[in-house]
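For reference, the structure discussed in these notes is given below.
The values are calculated or read from the model by the stated rules, or taken from the named source; none is laboratory data. From a predicted model like this one, the values you see are computed outputs, not experimental measurements. Methodologically, a virtual Cβ is constructed for each residue, glycine included, from the backbone with ideal geometry; neighbour enumeration extends over all protein chains shown.
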Amino acid sequence: MHLDFSPEDLAFQQEVRAFIAENYPAELRGKQDEGDELSKEDFLAWHKVLAKKGWVAPAWPVEYGGTGWTATQKYIWSEETARADCIRLMPFGLSMVGPVIYTFGTPEQKAKFLPRILSGEDWWCQGYSEPGSGSDLASLRTKAVRDGDHYIVNGQKTWTTMAQHADWGFFLVRTDPDAKQQEGISFLLIDMKTPGIEVRPIITLGGEHEVNEVWLEDVRVPVEQRVYEENKGWTCAKFLLAHERTGIAGVAASKRGVEKVKSIARTEMDGDKPLIANAFFKRKIAELEMDLTALEFTELRSLAGESAGKGPGPESSLLKIKGSEIQQRLTELTLEAVGHYGAPYFRGFGEGDNEHPIGPDYAHRAAPTYFNTRKTTIYGGSNEIQRNIIAKMVLGL
Amino acid sequence: MDFSYTETQGMLRDTLARFLADTYDFETRKKMLLRPEGRDPGIWKALATELGILGAPFAEEHGGLGGGALENMIMMEELGKVIAIEPYLQTVVIGGGAMKRAPAAMADAVIPEIIAGNAVLAFAYAEPQGRYDLANIRTTAKADGAGYVLSGHKAVVYATPWATHLLVTARTGGSTRERAGVELFLIDATLPGIVRRDYPTVDGFQASEIYFENVAIPGDAHIPGGIDLIELLVDEATVAVCGEACGISRKLHEGTLDYIKQRKQFGQPIGKFQVLQHRMADMFVEAEQIASMALMGTLKLDLPAAERKAAVSLAKAKVSRSINFVGQNAIQTHGGIGITVELAIGHYFKRATMIENQFGSADFHLGRFEDLTLAD
């Protein structure tokens, strides 16, 4: 057991650094620095660079387009991309439906969908939550009724992230209304251009259009777009949730976030000294770094267990709880650090709008990000649900 | 990077765990504490001879098994699981650590005695006024001919009543809090002029106040390295205690989990109540983080001093906070029976509580981390 990088690992680290420096889209970097809202094309710009290089899906098995990297190389990759402040790739295809398809899908489904997830040709969204079923996901009511070679889907989904850009969605639907809650659910892949689908925006506290309502009215879905067996969709859902939770720890991004807060606290003055000299503020940063280090090593231990043949299990709930709490504390600390200039409302740059925001550059996204990040302890199964999962699945209560 | 234990490390853990399961149940431990010497010396001897594992972290040329800090962490974790009152931390982790950096003549003489179970070392570093500052030392070692004369008062020195040797920090020069002039000595525990007041500690060990009254010690008792070496030894000890905390917190959690599955109130096991389920989940999360931080600190002991200290301090700060949470909630969840001496849980809690501040509280270590990494 050791933390050292081998000469090969160090060479890989250099290769990754050089690749990012040479290939990260300059326009995207500019928009990030200005705090602009990112368009679909912005999100895809980095995705497509990586797809071309063959580095877009390090977690996938090689046969489906993965990189074949060792655990250490994957660690280096996430560290380096965070260090260079690269945007996070949209997870819905790469981290969610992709693994479900290559684990449970038919050969035809794999051949059709996986290459397009890798290339970025298809943008995916996740049709899980419903207005009446949030944390109690299995109570979902959107129903799919068989009609020959098709399902007819009716219902409403909500909190559907980035559905406004989506080409495809993966949906949990009820195919057997009489079965016990978790047993009558199926996992459907639905073309978002199918007639009967309507996407309506939901605007969140930071002013962003990130999530949506998705209404489905008599939407015809070919049966071959069902993944795995009819009424066994919960198996896919659980598998996906466990995968989603490991990524959710966000260790590398939070490390980068800590560096940003420190840099703000070295710039902002508190009396005749920088804020970082304030004993109370300094202690909060130290505590955050402490908890982040504990999370990092918990994740590394968990990944080591994974590479020894165990998949991400219910202990990934731990990573979700601590990871989301840390993300929130980071945004809280940032907002505290920027002081007065947390208040001015900044709309973001629209078309032809280049008025400079009020206050320092690092300040104008602080409040919106703080507001937006309240989501992390709610989504992906709220942190209360994660505690239920640990109590039931790990502790046998 | 590699996060797997070797086969030998796995065997070390299994061997020790099996031995302790047979010899260190709660009732037997209670009887050990009641003996005049406050322990069963046969256990230490058995670890040395029957199991042959006191050499785990020593080099093969000294008769050891060739391990290091990870082996110490494994040992401490397993000893923690039975709240063992063995002087492993003092003798092998700290004493052994000092001997590895000692002049060859001393190392060659002492290490085999440690491995054989004949030598027990106690680490006399703390002083009444010093809190956790290792340089806050009033004990003096004045050069006198070829040797030194030791004078001063060392506080709460664990394992002293059992010790054959004392590892002592003392000042050869400089003022009370100055780093320069603090040096390390290994001396015979029975030298004339060593006055002890022995007492049991709240967590089951034996300790002493030690008064050095013009104790003449030989020149070759000195281990060169000064405060830098002492800090390294204490950092190694600190992460070893984090390993012990890992074993203890697992048992605190496990014991509480068993209890709430059996204990009935309002017509059902109290483990059915969601408020307790969530508390158990939170205790699980904290216990896992203790394990992570013990490992992190151990794996970073080899880094350059500033990075090592920052890492060890983060580890200990987290472990102190987390074991406080796990311990207090274990007692609360047990209710009244938890605050009696009847159940093992309370005894785990007592050792856990002493670990919180051993080698520095959470506040101390967060402060040290800040000084090292969060300058203006």
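The table for this structure:
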| read-out | value |
| --- | --- |
| Any pair with Cβ under 6 angstrom, 6 or more apart, that starts in segment A:143-160 at a residue that is without any contact (Cβ under 8 Å) to a residue 60 or more places away in the chain and ends at one that is assigned to a loop (DSSP other than H, G, I, E, B) | A:T158/A:S129; A:T158/A:P131 |
| Set B:L299, B:L374: member being in contact with a strand residue (DSSP E or B) (Cβ under 9 Å, 6 or more places away or on another chain) and within 8 Å of another protein chain (Cβ to nearest Cβ) | B:L299 |
| Pair list, Cβ under 7 Å, 6 or more apart: segment A:1-13 residue more than 7 Å from every other protein chain (Cβ to nearest Cβ), other residue surrounded by 11 or more Cβ atoms within 10 Å (Cβ to Cβ) and of a type in the set (D, E, K, R) | A:Q13/A:E80 |
| Test: residue in segment A:25-45 that is among the charged types (D, E, K, R) and touching a strand residue (DSSP E or B) at 6+ places or on another chain (Cβ under 9 Å) | yes |
| Top-ranked residue in segment A:180-229 [being in contact (Cβ under 8 Å) with a residue 60 or more places away in the chain and assigned to a loop (DSSP other than H, G, I, E, B); ranked as nearest to A:G98 (Cα to Cα)] | A:Y228 |
| Selection status of A:S135, within 18 Å of the chain's Cα centre (by Cα), surrounded by fewer than 18 Cβ atoms within 10 Å (Cβ to Cβ) and touching a residue at least 24 places away in the same chain (Cβ under 8 Å) | yes |
| Segment A:373-397 - residue that is within 23 Å of A:K260 (Cβ to Cβ) and touching a helix residue (DSSP H, G or I) at 6+ places or on another chain (Cβ under 8 Å) and, of those, nearest to the other protein chains (Cβ to nearest Cβ) | A:T377 |
| Any hit, segment B:221-230, residues being within 14 Å of chain A (Cβ to nearest Cβ), touching a residue at least 60 places away in the same chain (Cβ under 8 Å), in contact with a Leu (Cβ under 6 Å, 6 or more places away or on another chain) and not in a strand (DSSP E or B) | no |
| Test: A:G54 is of a type outside the set (S, T, N, Q) and modelled with pLDDT under 95 | no |
| Members of segment B:278-290 that are within 7 Å of chain A (Cβ to nearest Cβ), of a type outside the set (V, I, T) and surrounded by 20 or more Cβ atoms within 10 Å (Cβ to Cβ) | B:M280, B:A281, B:F284, B:E288, B:Q289 |
| Hey, A:G93 more than 14 Å from every other protein chain (Cβ to nearest Cβ) and not in a helix (DSSP H, G or I) or not | no |
| Qualifying residue in segment A:359-368 (condition: at pLDDT 90 or above, out of contact with any Ser or Thr (no Cβ under 7 Å at 6 or more places or on another chain), assigned to a helix (DSSP H, G or I) and surrounded by fewer than 16 Cβ atoms within 10 Å (Cβ to Cβ)) | no |
| Selection count where residues are in contact with a helix residue (DSSP H, G or I) (Cβ under 7 Å, 6 or more places away or on another chain), in a loop (DSSP other than H, G, I, E, B) and not charged (D, E, K, R), scope segment A:133-149 | 1 |
| Residues of segment A:279-296 that turn out to be facing another protein chain (nearest Cβ under 10 Å), of a type outside the set (V, I, T) and without any contact (Cβ under 8 Å) to a residue 40 or more places away in the chain, as a count | 9 |
